[in-house]
Every structure is written in structure tokens, then in C-alpha cells.
1. Tell me, which residue of region 64-123 that is among the small types (Gly, Ala, Ser) and surrounded by fewer than 21 Cβ atoms within 10 Å (Cβ to Cβ) is farthest from residue 191 (Cα to Cα)?
2. Quick one: which of 261, 200 is at pLDDT 90 or above and more than 30 Å from residue 99 (Cβ to Cβ)?
3. Anything in region 141-162 that is part of a helix (DSSP H, G or I), farther than 15 Å from residue 50 by Cβ and either open to solvent by 50 Å² or more (accessible area, probe 1.4 Å) or among the aliphatic types (A, V, I, L, M) (or both)? List them, or say none.
4. Identify all residues within region 223-266 that are under 14 Å from residue 284 (Cα atoms), touching a residue at least 12 places away in the same chain (Cβ under 8 Å) and more than 31 Å from the chain's Cα centre (by Cα); write none if there are none.
5. Residue 276 is checked against (1) assigned to a helix (DSSP H, G or I); (2) open to solvent by 60 Å² or more (accessible area, probe 1.4 Å) and fails just one. What number does that condition carry?
6. Tally time: how many residues in region 208-223 are of a type outside the set (S, T, N, Q) and open to solvent by 40 Å² or more (accessible area, probe 1.4 Å)?
7. Please enumerate the residues belonging to region 224-247 that are assigned to a strand (DSSP E or B), open to solvent by less than 30 Å² (accessible area, probe 1.4 Å) and not hydrophobic (A, V, I, L, M, F, W, C).
Amino acid sequence: MASRGSKKVIFAALAGNTLIAIAKLAAAWFTGSSAMFSEAVHSLVDTGNQGLMLHGMRQASKPPTPEHPFGHGLQLYFWTFIVAILIFGLGAGVSLVEGVNKILNPHPLEDPGVNYAVLAVSAVFEGATWWVAFQEFRRGKGSRRWLDAVRSSKDPTVFTVLFEDMAALLGLLVAATGLAIGQALDLPVMDGVASVVIGSLLAATAGFLAYESQSLLIGEGVQPAVRVSIRHLAAAEPGVLRVNELLTMHFGPQDVLVALSLDFQDAQTAGTVENTVSRLERRIKSAYPEVTRVFVEAQSFEASRRSRLASKPN
């Protein structure tokens, strides 16, 4: 399940985008601006996206069932992937079609000052929601570089809102620039050009978010440093000869499965092995609270190697 900070980011974006979408639609209808209509569609899609992410968070919080014994955490990743598709299909698609239509059939705008006023107000709202998402993302970034932090993040809600709002702010700049150039040079076609640029920007954003979301959806493990640490914790347990295999998977930002194959000393009793396993599970969960399940298999190194070789595709 996503964190409380993630919900705060989504609610802030939902409130901001709803107000912005209404204002942009009114301005687009009043002035006939293609770029403003593209921006309105963009904000409407973003508003719907926040609703879908909230739905995904609710679905992900459902308890495990016999049909879904590991819970429903992957629902969050599924709905985030759907959000990326909607940005591409609706946001980018409508903007590109509207822009091409305006380029082929240009017409002057009515009272463009309304557009500038709405764009300025939108920039304030978008900037505020972006700042909330940025602050939340920076808290979890640590010392990593920004792009590395996005790629390694297991909570797609925060970086999705962050990139949505970043694309929105750039879109506002493009729309304002297109309107200004078109007005200054008496070139109504620039309104359509701005709409095409906005559509291309949304398509690029959607592609990046889809790539990151699908990677989480098909199952990502913990970070390399965490894997090394867990392996060291297991190897340090008395009676453990070797860590044969370590498998991890994120079912959600705060829901990690750890599976270990350990080679124990043959002379140990079953009770001793059980105590070791229980102690190791406590140590792993204490060091990494996001780990919710730990499964340990007692297996010799040779048996583990044969099992891995047998499971490889021919």
C-alpha cells in the first residue's frame, strides 16, 4: 500500500486539476483557442488519473484472500499503468488531433487576454501541486540522483503526479508562447502548433511513465544494497553455511516478499534450525519494515544448484 504522503500528493493534485480544468474549458470555449482546449483536456485527463490512482490505492489496501494470498498490492501498479495509457491516448491524442485541425484551418482568437489570465492562474495551481509532489519525492530520494531515484522508486503515485505536473507546467509555457507569437505576428496557426507540441510533450511523458509502471507491474526486487544487506544478515546466522539463493519482490511500495534458500550445518537439530529461521525473520523485518513476508528453505548447496539449473529454460 502507498504511504500517507502519497495520498496527500494525490489529493492536492486532484483538487488543483479540477479547478484548473474548469477554468481552461471555459477559456477555450470563450476564445476558441486550440492550445487552451488541449490544456483543458490535459487537466481533465490528469483529474481522472488522480481518481484512478486513489482507486488503485484502495484496491491495493484490501486484505489477502485465498484467491490472492499475497494481497492486492499490485493493483496500485496496474492502475498507474492505466494512467500512463490514458495520458497517451486521451491527453496526447486529443491535443495532436486538435492541433493539426487548427493548423489546417487557422482562425484568429477572440479576446486572447482571457487565455493569458487562465494560464497564469493555472500556473499557480500547477506549481503548488508540483511543489507538494516534489517535496514528498525529495524526502524519499536520499543521496541518489533524481533520475536514479525515479527509476528505483517503488511508489509510482508520487513520481507520476510529479511528472504529470511537470508536463503541465511545460504545457502552460508552450501554450502561452504559442498564443503570444500568434498574436504578435498575426499567425493564428501558431495556436495549433502549440497544441501539437503539447501533445508531443504528453506522449513523451506517458511513454516514460508507462515504462516505469510496467517494470513494477511485472515484479521488481529490492535495491541491490538491500539484497546485499539481507544476504549478510542470513550468512551471519550461526549454523548457516551458505546463502544459496535470495529472491525478493515488491507487491507494493511497503509490501516486500523475501525468499531465502539456506544451506545449514548438517549436525543441527530441527529445533535449532527453526529458532534460526525465526530470529532471521525478525532481524530482516526490523532492518527493513517494508518486508512483510520471509520464507526460508533449508536446502543443500548442490540441491539448490540442481534445482536452479532444472528451472532454466532450454
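1. 71
2. Numbers: 200 fails: more than 30 Å from residue 99 (Cβ to Cβ).
Being at pLDDT 90 or above and more than 30 Å from residue 99 (Cβ to Cβ) holds for just one of 261, 200, which is 261.
3. Filtering region 141-162 for residues part of a helix (DSSP H, G or I) gives 141, 146-152, 156-162.
Of the ones still in play, those that are also farther than 15 Å from residue 50 by Cβ are 141, 146-152.
Passing the criteria: 146, 147, 148, 149, 150, 151.
4. 234, 237, listed by residue number.
5. In the conditions (1) assigned to a helix (DSSP H, G or I); (2) open to solvent by 60 Å² or more (accessible area, probe 1.4 Å), residue 276 misses (2) alone.
6. Pass one, region 208-223, residues of a type outside the set (S, T, N, Q): 208-212, 216-222.
Next, from what is left, pick out any that are open to solvent by 40 Å² or more (accessible area, probe 1.4 Å): 208, 211, 217-218.
Qualifying residue count, region 208-223: 4.
7. Initially, region 224-247 is screened for residues assigned to a strand (DSSP E or B), giving 240-247.
Those still in the list that are open to solvent by less than 30 Å² (accessible area, probe 1.4 Å) too: 240, 243-244, 246.
Of everything in region 224-247, just one residue is assigned to a strand (DSSP E or B), open to solvent by less than 30 Å² (accessible area, probe 1.4 Å) and not hydrophobic (A, V, I, L, M, F, W, C), namely 244.
The values are calculated or read from the model by the stated rules, or taken from the named source; none is laboratory data. Computed from a predicted model, the values in this text were never measured in an experiment. In this analysis, Cβ positions are derived from the backbone assuming ideal geometry, glycine residues included, and neighbour counts consider all displayed protein chains. When the accessible area is computed, the model is the full protein with side chains, heavy atoms only, and any ligands, DNA or RNA have been set aside. Shrake-Rupley method; radii C 1.70, N 1.55, O 1.52, S 1.80 Å.
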